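The values are calculated or read from the model by the stated rules, or taken from the named source; none is laboratory data. These figures come from a predicted structure and were not determined experimentally. Cβ: placed from backbone, ideal geometry, glycine included. Neighbour counts: every protein chain shown. Note: accessible area is taken over every heavy atom of the protein model, side chains too, but ligands, DNA and RNA are not part of it. Shrake-Rupley method; radii C 1.70, N 1.55, O 1.52, S 1.80 Å.
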Amino acid sequence: MALTMMLQPSILSNSFIPQGSKNPLPVWRNFCHKRIDSSRRCGHFGRRSPERDCKRLIQAQAGSQAKVAEEFERVAVGIEERVTMAVKDEEYDAVVIGAGIGGLVAATQLAIRGARVMLLEKYVIPGGSSGYFQRDGYTFDVGSSVMFGFSDKGAINLITKSLEAVGRKMEVIEDPVTVHYHLPGGLSVRVHRGYEEFLAELINRFPHEEAGIHSFYTQCWKVFNSLNSLELKSLEEPLYLFGQFFRNPLACLTLAYYLPQNAGDLARKYIKDPDLLSFIDAECFIVSTVDACRTPMINASMVICDRHYGGINYPRGGVGGIARELAEGLVEKGGQIKYKANVTQILMEAGKVTGVQLSNGTIIWAKKVISNATRWDTFDKLLKPESMPEEERRFQKLYQKAPSFLSIHMGVKADVLPAETECHHLVLESEWSKLEEPYETIFLSIPTILDSSLAPPGHHILHIFTTSWIDDWQGLLPVDYKKKKEALADKIVARLEATLFPGLKAAITFCEVGTPKTHRRYLARDDGTYGPIPAAKPKGLLGMPFNTTAVDGLYCVGDSCFPGQGVIAVAFSGTMCAHRVAADLGLERRSVILDLGLGKLLAWFRTLA
């Protein structure tokens, strides 16, 4: 309702003036103050405009009631004009909450389609867990240095495609070994960039399972090749789906067949050796932080095959450069990005999303809101509890928060690393059964093996991380919190000394330890979680939600959506989300009738999970 319409009844009604009042100005003055204060809280004004308006009104002569009413009406009209202008200036086609890779890809893909986009980031730089920080001459990646989807061929190279869409290209360095496994029983396996080379090494370790190894990994390639033959856009847009089906029905049917299946179930059809099955669990654990029986086949296939098809390529200058390039490209394409912009509420009116409110009270209006926050942050914190749809309650029964990490960012003297040390390692020395236990499986990245510019001369970076739950870190006094971090870091360093790098502790020149509380604070992720994991054995990806939600105008993007965790997966999610939002904004072709039908069909499919 326009502000003058709200004020008019008060101006014209005699009942507004208290009986016996000779001077109605104080009454109108108080009313005006309330209206202006309300507007200022909603972000309609700067800090000084309301005071100027009140001053003009209060200075009006307390003459006739008509004169004061005339002055009040003049001020009210001026207020309404500025409110209208402010709303128009701040109403975006889409507001994106969070500048992780998923949010950045969604925002840039919308911007290149001509949408008016505002990206809001709580921290001071973009990237989230794909960001960076600098200490003592080191440039550290916040998260993993393993970059899938960063090649120059195929359809799944989504990081490359997302950068190209905003006119950006990064120099990359080929990683010859994706990961070197150090596993129970002395099992050592290198995942070479060349597929045949990797198979040969694995078969050499398990010669009696040669047929099973070929059969399982062939299944992975069927899924990957099907994905790679399609133009990857929103699976919630029926015109796109029909077009892809008519162009390549076999690929679509293949993906539909594997959608409800898990990697572990397929592996057990072909492989019997328990150690080899445990190795495949470790392969999937890198993808999803759970074993193969709880890792959807589509997720596993994307990374298991992309490391050989396009290969793992590290961006020169560090992983954080990807987010920087996307953020700069967003601005060049007409989008906007605000840092230190902490969204505290998603606003709704009559069941529809209308915008967001920041911690400083500013309101930003939008036709669509895209949340790159976790599902728990989005529906439990940014929306009012009564706004949570039943579909989301069902999701939170099927999935739980994945663990966070204990992370150690370390600088070491270069001579502590043996010659031919690979960039990435996974270490589990004791028992296969401890794969998913906190602090047992160690991931290790040494990005300076590929790009020495990230560290001072004569030094390397070790980024060590292992799963950890936030409950382990609650209720500790600061001194005890610090001691626990140091004790766990010492224990992990001792394990790496015994397994890989003798003399490691003495070679350390810098060490910073982060916990799930650190990840929660800087990445704004509930309990520091890195996405959802199934509460029980899932039916593939059937239960995983796509980008649309049951809240009108609200979309989700990132690792809480199909297809799940990992850089390549969240880039896929951002690409799909932008396509669906663009269609809903009228920037892409759409069919309302088909949209409704497909939406109901997908919702029904999720009930089968």
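Suppose the chain between Glu420 and Val331 were pulled fully straight at 0.36 nm per residue; how much longer would it get relative to their current alpha carbon spacing? Write out the running numbers ahead of the final one.
Details: separation 89, 0.36 × 89 = 32.04 nm, distance 4.16 nm.
My answer for the length gained is 27.9 nm.
What spacing in nm lies between the two simple spin-label points modelled at Ala498 and Leu477, each 7 Å away from Cα in the Cβ direction?
3.2
Where does the charge balance sit around Pro447 when Lys and Arg score +1, Asp and Glu -1, over other residues with C-beta under 14 Å from its C-beta? Walk me through the numbers before you get to the answer.
On the way: positive: Arg316; negative: Asp141, Glu174, Asp175, Glu422, Asp451.
Once all neighbours under 14 Å are counted, the net charge is -4.
Got a number for carbon plus sulfur as a percent of the stretch 546-604's accessible area, 1.4 Å probe?
Carbon plus sulfur share of accessible area: 63 percent.
Counting pairs of alpha carbon atoms under 8 Å apart in space and at least six apart in sequence, what relative contact order in percent does the stretch 429-518 give?
Details: 68 pairs, mean separation 21.4, N = 90.
Here the relative contact order equals 24 percent.
Dipole size in debye (nearest 20) for the stretch 520-577 around its Cα centre, Lys and Arg Cβ +1, Asp and Glu Cβ -1?
180
Could you tell me whether the stretch 219-302 comes out rounded, prolate or oblate from its Cα gyration tensor? Rule is a ≥ b ≥ c as square roots of the eigenvalues, rounded for a/c under 1.5, then prolate if a/b exceeds b/c, otherwise oblate.
Prolate, because a/c is 1.5 or more and a/b exceeds b/c.
Indicate the gyration tensor shape class of the stretch 99-251 (rounded, prolate or oblate), computed on the Cα atoms with a ≥ b ≥ c the square roots of the eigenvalues: a/c under 1.5 is rounded; otherwise a/b larger than b/c is prolate and the rest oblate.
Oblate is the answer for the stretch 99-251, as a/c is 1.5 or above yet b/c matches or exceeds a/b.
Can you tell which of Pro249, Leu227, Asn262 lies farthest toward the positive end of the dipole of the stretch 227-278, using +1 and -1 charges on the Cβ of basic and acidic side chains (Lys, Arg; Asp, Glu)?
Value computed over the given set: Pro249.
Within the stretch 131-175, report the trypsin sites (Lys or Arg not before Pro) that DSSP leaves as loop and that have at most 14 other Cβ atoms within 10 Å. Could the numbers behind the result be given before it?
Numbers: sites: Arg135, Lys153, Lys161, Arg168, Lys169; in loops: Lys153, Arg168, Lys169.
Filter output for the stretch 131-175: Lys153, Lys169.
Going by average Cβ neighbours within 10 Å, how do the peptides 207-216, 477-486, 121-130 rank, with the highest at the top? Write down the numbers at each step before the final one.
Numbers: 207-216: 15.5, 477-486: 12.1, 121-130: 22.1.
Answer by packing, highest mean first, reads 121-130, 207-216, 477-486.
When you count, for each residue, the other Cβ atoms within 10 Å and take the mean per peptide, how do 375-381, 414-420 rank with the highest first?
So the peptides 375-381, 414-420, ranked by packing, come out 375-381, 414-420.
Give me the lysines in straight-line cross-link reach of Lys338: C-alpha distance below 23 Å, same-chain residues under 8 apart excluded.
Lys88, Lys122, Lys367, Lys368, Lys381
When the dipole is taken about the Cα centre of the stretch 269-328, and only Lys, Arg (+1) and Asp, Glu (-1) are charged at their Cβ, what size is it in debye, to the nearest 20? Numbers along the way, then the final one.
Working: 6 positive and 8 negative charges, 17 e Å.
Here the stretch 269-328 has a charge dipole of around 80 debye.
Straight-line reach from Lys333: which lysines fall under 16 Å, measuring Cα to Cα and dropping same-chain residues less than 8 apart?
List returned: Lys161, Lys169.
What's the extension gain from Asn342 to Phe133 if we count 0.36 nm per residue and subtract their Cα-Cα distance?
Working it through step by step, the gained length comes to 73.2 nm.
Among the lysines, which have Cα under 28 Å from the Cα of Lys505 when same-chain residues fewer than 8 positions away are ignored?
Once the sequence-local lysines are set aside, what remains near Lys505 is Lys413, Lys434, Lys482, Lys483, Lys484, Lys485, Lys491, Lys517.
Which percent of the Cα-Cα distances in the stretch 384-518 go past 23 Å?
Result: 44 percent of Cα pairs exceed 23 Å.
Tell me the per residue accessible area of the stretch 307-438 using a 1.4 Å probe; a whole number in Å² is fine. Display every interim value, and only then the final one.
Numbers: 5380 Å² over 132 residues.
Result: 41 Å² of accessible area for each residue.
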